[in-house]
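The next block holds one structure in the form of C-alpha cells; read it before the comments.
The values are calculated or read from the model by the stated rules, or taken from the named source; none is laboratory data. What you see is a predicted model; the values in this text were computed from it and never measured. Positions of Cβ are generated from backbone atoms using ideal geometry, with glycine treated the same way; all protein chains shown enter the neighbour counts.
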Number of protein chains: 2
Amino acid sequence: MQVEITREYIEQVEEAIARQDKGFILSTMADMHPADVITVLYELDTNESKYVMDLLPPEVGAEILSDLDYDIRSDFLSYFTSAEIARYINLMDSDDAVDILNEESVQVREEVIGLLENEEKASYILDLLRYEEDCAGGLMAKELIKVNQNWRVRQCIEEIRRQAEDVERIYTVYVVDNRDVLVGRVSVKALLLSRDDKLVKDISNPDVISIESFRDENEVVSVMRKYDLEAIPVVNVQGRLLGRITIDDVVDVMQEQAELSRQLMTGITENVEEDDSVFRISRSRLPWLIIGMVGGLLAAQFMGLFEADIAVLPAVALFVPLITATGGNVGIQSSSIIIQTLSSNAVIFENFAQRILKLVMVALLNALIISALVFAFTYLFRQELRLAIVVSAALFSVVMVASLMGTVTPMILDKFGINPAVAAGPFITTANDLLGLAIYFGIAHLLYNL
Amino acid sequence: MQVEITREYIEQVEEAIARQDKGFILSTMADMHPADVITVLYELDTNESKYVMDLLPPEVGAEILSDLDYDIRSDFLSYFTSAEIARYINLMDSDDAVDILNEESVQVREEVIGLLENEEKASYILDLLRYEEDCAGGLMAKELIKVNQNWRVRQCIEEIRRQAEDVERIYTVYVVDNRDVLVGRVSVKALLLSRDDKLVKDISNPDVISIESFRDENEVVSVMRKYDLEAIPVVNVQGRLLGRITIDDVVDVMQEQAELSRQLMTGITENVEEDDSVFRISRSRLPWLIIGMVGGLLAAQFMGLFEADIAVLPAVALFVPLITATGGNVGIQSSSIIIQTLSSNAVIFENFAQRILKLVMVALLNALIISALVFAFTYLFRQELRLAIVVSAALFSVVMVASLMGTVTPMILDKFGINPAVAAGPFITTANDLLGLAIYFGIAHLLYNL
C-alpha cells in the first residue's frame with residue numbers, strides 16, 4: 001500500500017478520470033488491496049467508479065464486487081451489461097456470485113447465467129439459487145476439496161492439485177464415501193506428514209462437525225463459534241456433502257446481527273451510517289419518534305383524567321419523570337438480559353417457572369432497594385408522609401411490572417418468530433411509560449381519596 | 001456426538017461421580033467435543049468438574065481450559081496444583097496459555113512456567129507475557145510456520161513437516177529474510193502446486209498484510225475484517241515476524257465488544273447472563289437504576305420550583321412524559337449513529353463542521369415534523385392555542401438539544417479514551433430528561449407570564 005487514501009488522493013483520482021488519465025489510476029491502484037480500492041470507489045460517483053472498474057484487472061474487479069455493500073452494489077451493477085457482469089461472476093466463489101445474482105432482476109440473472117463461460121460455476125450457481133438466503137444452504141459455497149476415503153495419499157495430493165485451482169482457501173479436506181456421504185476430514189498437514197501409499201481412511205478423522213442445509217444462519221454462527229471452526233461442511237438430510245461455509249461469511253453475519261439488534265434497540269428502522277444523506281438518516285429515525293410521540297400524547301390524555309387532582313395537589317406531578325424514567329430503565333435492562341439468552345441459544349437447565357421465579361426475585365430485590373431510597377429522600381425533602389408512601393409504593397409496582405414486561409415481551413415475540421430485539425428499545429419504554437403512569441395515578445387517587 | 005446433553009444426562013453424570021463410576025463418564029464423554037464437555041461442566045459443581053477433568057485425556061483437558069469462560073476458569077484452576085496446570089499448559093497454544101497464566105497470581109504463574117517440560121513453549125510464554133492483553137501482541141500466538149525466502153520448495157516442505165507438529169492450523173506460510181523480517185507469504189496450495197526445486201521467493205507473494213505488536217485489538221479486528229483474513233502476522237517496528245493472530249480470537253473479541261456495548265447501552269454494569277445468581281443480576285442492574293433515580297429526584301426538585309404554576313395550570317404537567325420520552329428517544333438515536341461511526345473506524349471524508357451541519361439538518365427536519373404534529377394534536381384535543389404553542393416549541397427545542405447532546409457526548413468521551421457506548425444508555429436519557437424539563441418549564445413560564 002504505497003498510496004495512502006486521503007482526501008487529496010481522492011481528488012487526484014477524480015481529476016485523472018476527468019482527463020481520462022488511465023496511467024495515473026493504474027499506477028496508483030495496481031498494488032492496492034481490493035478492500036482499499038472500495039474505500040476509494042465509495043468517494044467517487046457511480047460513473048467514475050465504473051470508469052475505474054473497467055481499467056482494473058477482472059480478478060480485482062470480481063473481488064471488489066464480492067465485497068461491496070449490498071445496498072450500493074445493485075445500483076452500481078445497473079451500469080454494467082450482463083456480459084460484463086458474467087465476466088466477473090466467472091471469477092468469483094459461487095456463494096458470492098449467488099449473493100450478487102439474488103439482488104438482480106430475474107431477467108438479468110438468467111442472462112448472466114446464460115453467458116457464463118465456466119460451466120461448472122454455472123451449475124454451482126443454479127444449484128445454490130434454490131436455497132433461502134438466511135439458511136446454511138444460502139451461506140455455503142460449492143467450492144471445496146473432497147477426496148474418497150478409499151484413495152491413497154498420493155492420489156489425494158494429485159486430486160488436491162487439480163481441485164485447488166478453483167478453491168481459494170483449503171482449510172480442511174473433506175473425506176466422502178462412494179455415495180458422496182461425508183465420513184470424515186483430513187488436514188493438509190496430515191497429508192503432508194503421511195507416507196504416499198497410506199489409505200485416506202487410515203489417516204482421516206471421523207469426527208467431523210457438519211450442518212444441514214436447511215438450518216438457520218444463527219445456528220450456523222453458534223455452531224461455528226462453539227466448536228471454533230474456520231469452515232463447516234454443509235450436508236443434505238442423507239448426509240451427502242453439498243458445500244461449505246467459511247468463517248469470513250459467518251463474521252459478516254455476526255456483524256449484521258450486532259448492528260441490526262443495536263438499531264432495533266435504539267429505534268432506528270433502516271441500516272443508516274453517518275455518511276448517508278440527511279433525508280435518509282431523518283427518515284430512518286422518524287417512525288420510532290412518532291410512535292414515542294403518540295405514546296406521549298396518550299400519556300397526556302390519560303393524565304388529563306387526573307387534571308383536577310393535579311390542581312389540588314401539584315406535588316404529585318413532580319414525580320412523573322421519576323416514575324417514567326425508572327420504568328423505562330428497568331424494562332430495557334430486563335429485555336437486554338432475556339434477549340442475550342434468546343440470541344445465544346444457550347442451554348439453560350431451568351424450566352419456565354424457575355426462570356420467572358428468579359426474575360421476580362431480582363425485581364423484588366431491586367424494587368425494595370429503589371423504593372426504600374425514594375421513600376427516604378421524598379420524606380426528607382418534602383416532609384409529607386402520604387406523598388412519600390404514594391411515590392415509593394408506585395415505584396415499587398412500576399419496577400415489578402416493568403421487569404415482567406421487559407422479560408415476557410421478548411419471549412412472546414421470539415415464540416412468534418419476530419426478532420425479540422424489537423422489544424428492547426422505544427417500544428418497551430413507551431409501553432412502560434403508560435403503565436407506570438396508570439399505576440402511579442391510580443395509587444395517588446386511592447391514597448389521597450381525591 | 002452420540003450422547004445428547006439433557007438434564008437427565010447431567011443427573012446421570014452427577015450420580016456416576018457420587019458413586020465414583022469412572023466407566024460411565026469415560027464411555028459417554030470419550031467421543032464428546034471439548035465444547036460439549038464444557039456445557040456439562042457448567043452444570044456440575046467445581047469438585048465434580050475437577051473429578052471429570054482428572055479422568056479425561058490431558059489433550060482434551062487442555063482444550064477445555066482454553067475455551068472455558070474466564071470468570072469461571074480462575075476459580076476452577078484454584079482446585080489444581082501448579083504441576084497439574086503445567087501439564088495442560090504444555091499442550092496449549094502459547095496465546096491460550098498466556099491468557100490463563102495472566103489470570104493467576106504471580107506465584108502460581110512462576111511455578112507453572114518453571115514446571116513446563118516443553119522448553120520452547122516456556123520461552124514463547126515468557127515472551128508473550130510482556131504484552132498488554134488488549135493489543136496485537138497480547139492476542140498473538142508464537143506458533144506459526146515460516147520459511148526462508150532463499151530455500152527451495154523441497155526444503156520448505158521438509159521444514160513445514162517439522163514445524164507443523166506444533167501448529168494446529170497452518171493457514172498461510174510466512175516468508176522471512178535472513179534477519180527474520182517478514183517479506184511475503186506463500187500458501188500451502190502454492191507449495192503443493194509447485195516443482196520441488198523452485199525457490200520460495202519465486203512463488204511467494206510479497207503483498208502480506210501485517211500488524212505491529214503495539215496496535216490496539218480494535219485495530220486488529222477492523223484490519224482482519226476489512227481484508228477478510230483468517231490469520232494476520234504480527235511484526236515489531238523493524239518488521240521482524242513475532243507471531244500471528246488467528247480469526248477465532250478475533251471472533252471472540254468481536255463478540256465481547258458487541259456484548260459490552262449492548263450492556264453499556266442498556267445500563268447493566270457487569271457481564272451477566274440469565275443463569276447467574278439473583279444477587280449478581282440484581283447487583284449488575286442497581287448502579288444505573290440508582291443514577292436514574294437520582295435523575296428523577298432532581299427532576300422532582302426542579303419541577304418543585306414551578307409547583308405554583310402547575311397548581312394554576314395543571315394542563316402543563318400533562319405533557320411532561322411527552323417531553324422526556326422524546327428527548328430520550330432522540331438522544332439514543334443520535335448517539336447510536338455516532339457510536340457506530342466511532343467504533344467502525346470508517347473513513348469519513350467530512351470535516352467536523354460539515355458533520356455538525358448535517359446533524360443540525362437532520363435534527364431540524366425531525367424537530368419540525370414532530371413539533372408540527374404535536375401542535376396539531378394538542379390544539380385539536382384541548383383547543384388551547386397557547387398550550388399548543390408552548391408544548392410544540394418546547395418539543396422543537398428538546399429535539400434539537402437532545403440531538404446535539406447525543407452526538408457530542410460520545411465524541412467527547414471517545415476523545416478522552418472512554419468507551420463512547422457508555423453515553424448511549426441511561427446516561428443520555430437522564431441528562432436529556434433534566435434538560436428537556438428545564439426547556440419546557442422555562443418556555444411555559446415565559447409564555448404564560450406565570
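Summary table below
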{"read-out": "Which listed residue is more than 28 Å from A:Asn419 (Cα to Cα), crowded, with 16+ Cβ neighbours inside 10 Å and at pLDDT 85 or above, from A:Leu297, A:Leu289, A:Leu322, A:Leu305", "value": "A:Leu322"}
{"read-out": "Residue check, B:Val237 under 23 Å from A:Asp96 (Cβ atoms) and hydrophobic (A, V, I, L, M, F, W, C)", "value": "no"}
{"read-out": "Candidate set: region A:37-55, residues that are among the acidic types (Asp, Glu) and surrounded by fewer than 17 Cβ atoms within 10 Å (Cβ to Cβ); chosen: the one farthest from the other protein chains (Cβ to nearest Cβ)", "value": "A:Asp54"}
{"read-out": "Selection within region A:166-195 - more than 12 Å from chain B (Cβ to nearest Cβ) and either in contact with a Pro (Cβ under 9 Å, 6 or more places away or on another chain) or farther than 20 Å from B:Ile170 by Cβ (or both)", "value": "A:Tyr174, A:Val175, A:Val176, A:Asp177, A:Asn178, A:Arg179, A:Asp180, A:Val181, A:Leu182, A:Val183, A:Gly184, A:Arg185"}
{"read-out": "The lone exception for B:Ala367 - which of (1) touching a residue at least 40 places away in the same chain (Cβ under 8 Å); (2) farther than 20 Å from A:Asp433 by Cβ; (3) facing chain A (nearest Cβ under 10 Å); (4) hydrophobic (A, V, I, L, M, F, W, C) it fails", "value": "(1)"}
{"read-out": "Condition met for A:Asn329 (at negative phi, out of contact with any Phe, Trp or Tyr (no Cβ under 8 Å at 6 or more places or on another chain) and either in a loop (DSSP other than H, G, I, E, B) or at pLDDT 85 or above (or both))", "value": "no"}
{"read-out": "Residue that is farthest from the chain's Cα centre (by Cα) [pool: residues in region A:320-348 that are of a type in the set (S, T, N, Q) and more than 7 Å from chain B (Cβ to nearest Cβ)]", "value": "A:Ser334"}
{"read-out": "Failed condition for A:Thr269, given (1) closer than 23 Å to B:Gly436 by Cα; (2) not assigned by TED's automatic domain parsing to the domain that holds A:Gly442", "value": "(1)"}
{"read-out": "Helices (runs of 4 or more DSSP H) completely within region B:273-324 that count 2 or more residues being of a type outside the set (S, T, N, Q) and within 12 Å of B:Leu437 (Cα to Cα)", "value": "B:278-304, B:315-318"}
{"read-out": "Single residue of region A:302-319 satisfying the filter (more than 7 Å from chain B (Cβ to nearest Cβ) and within 19 Å of B:Ala388 (Cα to Cα)) that is farthest from the chain's Cα centre (by Cα)", "value": "A:Leu305"}
{"read-out": "Residue that is farthest from A:Asp228 (Cα to Cα) [pool: residues in region B:154-205 that are modelled with pLDDT under 90, part of a loop (DSSP other than H, G, I, E, B) and within 35 Å of the chain's Cα centre (by Cα)]", "value": "B:Glu165"}
{"read-out": "Subset tally (residues that are of a type in the set (Gly, Ala, Ser), surrounded by fewer than 16 Cβ atoms within 10 Å (Cβ to Cβ) and not in a loop (DSSP other than H, G, I, E, B)) for region A:1-36", "value": "3"}
{"read-out": "Residue check for A:Asp67: closer than 12 Å to A:Pro34 by Cβ and either charged (D, E, K, R) or in contact with a strand residue (DSSP E or B) (Cβ under 8 Å, 6 or more places away or on another chain) (or both)", "value": "yes"}
{"read-out": "Subset of region B:407-429 [surrounded by 21 or more Cβ atoms within 10 Å (Cβ to Cβ) and modelled with pLDDT of 85 or more]", "value": "B:Thr407, B:Thr409, B:Pro410"}
{"read-out": "Qualifying positions in region B:45-69 - assigned to a loop (DSSP other than H, G, I, E, B) and either under 21 Å from B:Asp275 (Cα atoms) or free of Cβ contacts under 8 Å to residues at least 12 places away in the same chain (or both)", "value": "B:Asp45, B:Pro57, B:Leu68, B:Asp69"}
{"read-out": "Yes/no for B:Thr266 being buried (at least 23 other Cβ atoms within 10 Å of the Cβ) and in contact with a strand residue (DSSP E or B) (Cβ under 6 Å, 6 or more places away or on another chain)", "value": "no"}
{"read-out": "Residue in region B:114-135 that is of a type in the set (Asp, Glu), assigned to a helix (DSSP H, G or I) and more than 22 Å from B:Ala231 (Cβ to Cβ) present", "value": "yes"}
{"read-out": "Number of the exception - B:Asp275 against (1) facing chain A (nearest Cβ under 8 Å); (2) more than 30 Å from A:Val251 (Cβ to Cβ)", "value": "(2)"}
{"read-out": "Some residue of region A:282-300 being more than 30 Å from B:Leu364 (Cα to Cα), of a type in the set (S, T, N, Q) and within 22 Å of the chain's Cα centre (by Cα)", "value": "no"}
{"read-out": "Output for region A:1-28, where each listed residue is within 21 Å of B:Pro206 (Cα to Cα) and at pLDDT 90 or above", "value": "A:Leu26, A:Ser27, A:Thr28"}
